[in-house]
Amino acid sequence: MSEALESEVKTNPQGDPITSAPVAPSVDSEKGRKDPHGDAKRQREVSAEYMFFEAPREREFITGSECAKEAVRRSNVDMSVAYPITPQSETLQLIGVLYGEGYVKEFYRGEEEYGVMSAIAGASRAGVRAFTATAGPGTLRGLEPIVSWAGHRLPAVCMFTCRVVNAPLAIQPDNVEIAYLLNSGMLVFHAENQQDLFDFIMKGFIISEKNDVTLPVGVCCDGFFVTHARGYCAMQDRGLKLPARDPYRGSVPVLDAENPPARLSRDAPVQKSNFMAYNIHAVWQQEVWAGVERSRKYINHYMDGLLEAQDVEDADVLLIASGSAAAQSREAVRQCKEKGIKAGLIKIRSLRPFPTNELRELCGKAKLIVIPEFNYVGWLAKDVATAIYGFSNAKIVAGPHVYGGMSMPVEMITDEVECGLTGKKSNTVPESHIMGTVDPAAVAQFMKSI
Amino acid sequence: MSLDYVKFTPGFGKFMPKEYRDMVEHGPFGKKTSVSQVGTFKEILEEHPMCAGCAMTLFIRLAMIAFPNPEDTITVGTAGCGRLAISQAAIPFVYGNYGDQNGVASGLSRGLRLRFGDRPKDVVVMAGDGGMADIGFAQTLHSWFRKEKFTTIMLDNEVYGNTGGQESGMTNKGQVLKMAPLGKKFEKMDMLGMAKVAGCAYVATVVPNNPRRVESVIKKAVLIAREVGPTYIQAYTSCNIEYAIPTDKVMEDAKDVENDRYAFSEYLTDEAKQYLGELYGYKEYLPKPAAAVTKG
């Protein structure tokens, strides 16, 4: 009675719609066998200016992980080290596919994140272009090496597909880990969607390697919402790639024994307790953060600004958000307008450097500022409030917050707008998270609690 | 800094850093030096802030003399006494985070191979027993399992010396130290056995009171790591402070420990033997010529 089961044929199990697309018959080798690295070898280097501003683009409907892969394919990446963690795993296994295809020259699966982030430091010191990615607990496990990259002036790009880190263990989106990265000395960009992720990674390499920057770049996105969902991404031809890293362009020597020995790692006085030790370390920290400051001009040039403002002129209400919260806020602005509320959106692309002056200019006239976030602690509200203090009389609502993997219904945001304007008590944001009310104690409580 | 790739325009050599010129004119860069010539040339490690009588410093000094290509060698280390001396040397040193040395060296050596191909850029990890067998254990073992081509040297003083004398995994059982108030409760870790299991192509133990032997094992380890696979040297480098060894008895102690538990040992894979024999003239590793057949 039983019918013979059809045997399952696996075709390119690691493939995705782009890599598994049928390939043209090959003319690569004498025996008619396709050179697996043929396409990679034929890639043409173009300038960053051409790649970002002139090269024609085609739109694809792909996941965020696939966007990361396509960005790395076009970024002339030398080396990547991978370690799986949900929801990042797909990204680095796709980079593995690129390694198989010759687009990435060196790749291995590391032992765990501390080892991976250390190896990325080694690769960057060797003078090659390096990429890796992690998420949530992986970010914290790798944090000691990650936060040392900036101090060692190591250009590299690390993608953070943010996820819950607190117990009880969960794999869901929650971007509290960005709070740790903000103080690491690296540049931190926050991608709203698939397109941002693609652009920020490619531009991140170029900005990271600028001589007066020479710092790592963290490209964050909210896990699953961006990594696993599909969205439109306009991409340059895959036959193009960015110029290779010039190891001698950095502001500190690479450790290839072709330079006089780098003093950075050598001077024992830095380890000692004396005036020179304090002074050397203090000056070094100042220089790292000065490098962060100097990256502003490149972010303005390549990324069209540290923030994006929409409908902010004449707006009574401003929604300020980054990442997936910006996507929800964009819809909230539309719904507010339907209700006759004059609302605008400020989407922050670069969290480090932070668009302080831009916010001071844009927030001067607003009556109400609402800052929705996908974390409990409200790191963005803290930065915004600090930046515009004294430059705006707006009431600031640090919320709504969702965390632990919750999604953020647009109504949560519009409710806050209405409560903020009418003075009605909010269901989700405690009084202590609202600044600019008549009660100064509430403000003090807010600053204390975040 | 490599000699072959930087050629000074005549008259401009004097603008190179003095320490580099000294290494070329009076030191080991570009020529062969040996421990038997100590005192006649400028060494890579000349000054250090280590304790008087420190055997570890002597070992590091000898190791650096033994590097086959010092001008193309990059050292990697971690927190511990050793880095205080290594960081004073005239060759680049990566001092990263706690226990990250074999991870950093993995990325570094692969990156350098991408850029320089077969041109040797020797990566040598030198770190203490705590950094290697305790906090950096996973990265040490995984770099060996991955067959990363660089040399790992453990400066084994059987204690956390730099933090003030706490028990490490390499401390001997029963030893009373800080954090081991009742004596260490488990055996000294068998890193040599693990190195072999994990696939190191060369594994050796050595003590610093035999300079020629130190020189020999370092040279072999660095050469084999260029092409064959990971190499591991475990050196007894006593801590005369935490183990209260009188300064003038440090070499005597090294001899005693060598006799007690640190006898010289050397393990090479067949591939490593063939490589050394064929490429670097180590005749002892070449196959013996077949004995003449005699009629019975």
Quiz item: Just checking, which of B:Thr78, B:Thr73 is under 23 Å from A:Val254 (Cβ atoms), touching a strand residue (DSSP E or B) at 6+ places or on another chain (Cβ under 6 Å) and more than 9 Å from chain A (Cβ to nearest Cβ)?
Solution: B:Thr78
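Counting only residues that are at the interface with chain A (Cβ under 7 Å from one of its Cβ atoms) and farther than 11 Å from A:Ala123 by Cβ, how many does region B:106-132 have?
Looking only at that region, the number is 1.
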Quiz prompt | Which listed residue, of B:Asn240, B:Asn259, is out of contact with any helix residue (DSSP H, G or I) (no Cβ under 9 Å at 6 or more places or on another chain) and either free of Cβ contacts under 8 Å to residues at least 24 places away in the same chain or surrounded by 14 or more Cβ atoms within 10 Å (Cβ to Cβ) (or both) | solution = B:Asn259
Exercise. Select from region B:102-155 the residues that are under 15 Å from B:Leu192 (Cα atoms) and among the charged types (D, E, K, R) and write down the one among them that is surrounded by the fewest Cβ atoms within 10 Å (Cβ to Cβ).
Key: B:Asp134
Practice problem: Among the residues of region A:86-108, write down those that are touching a residue at least 60 places away in the same chain (Cβ under 8 Å) and under 17 Å from the mean Cα position of the chain (by Cα). | Solution: A:Thr86, A:Pro87, A:Gln88, A:Glu90, A:Thr91
Self-check item: Within region B:17-40, tally of residues that are free of Cβ contacts under 8 Å to residues at least 60 places away in the same chain, part of a loop (DSSP other than H, G, I, E, B) and surrounded by 15 or more Cβ atoms within 10 Å (Cβ to Cβ)
Solution: 3
Quiz item: Given the conditions (1) touching a Gly at 6+ places or on another chain (Cβ under 8 Å); (2) in a helix (DSSP H, G or I); (3) of a type outside the set (Phe, Trp, Tyr), and given that B:Ala85 satisfies all but one, which numbered condition is not satisfied?
Solution: (1)
Quiz item: Which condition number in (1) β-branched (Val, Ile, Thr); (2) facing chain A (nearest Cβ under 7 Å); (3) part of a strand (DSSP E or B) is the one that B:Ile91 fails?
Solution: (3)
Quiz item: Are any residues in region A:209-245 part of a loop (DSSP other than H, G, I, E, B), acidic (Asp, Glu) and under 24 Å from A:Ser184 (Cα atoms), and if so, which ones?
Solution: A:Glu209, A:Asp212
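Could you identify the single residue in B:Ile65, B:Ile60 that is at pLDDT 90 or above and either facing chain A (nearest Cβ under 9 Å) or closer than 18 Å to B:Thr152 by Cβ (or both)? Working first, answer last.
Working: B:Ile65 fails: either facing chain A (nearest Cβ under 9 Å) or closer than 18 Å to B:Thr152 by Cβ (or both).
Sole residue among the options that is at pLDDT 90 or above and either facing chain A (nearest Cβ under 9 Å) or closer than 18 Å to B:Thr152 by Cβ (or both): B:Ile60.
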Quiz prompt | Positions within region A:106-148 being assigned to a helix (DSSP H, G or I), more than 7 Å from chain B (Cβ to nearest Cβ), hydrophobic (A, V, I, L, M, F, W, C) and crowded, with 24+ Cβ neighbours inside 10 Å, in sequence order | solution = A:Val116, A:Met117, A:Ile146
Practice problem: Any chance you could count how many residues in region A:166-208 are in a loop (DSSP other than H, G, I, E, B) and hydroxyl-bearing (Ser, Thr, Tyr)? | Solution: 1
Self-check item: Failed condition for B:Ser168, given (1) under 23 Å from A:Gly115 (Cβ atoms); (2) more than 18 Å from the chain's Cα centre (by Cα); (3) within 14 Å of chain A (Cβ to nearest Cβ)
Solution: (3)
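The values are calculated or read from the model by the stated rules, or taken from the named source; none is laboratory data. Here the structure is a predicted model, which is why all the values come from computation and not from measurement. Cβ: placed from backbone, ideal geometry, glycine included. Neighbour counts: every protein chain shown.
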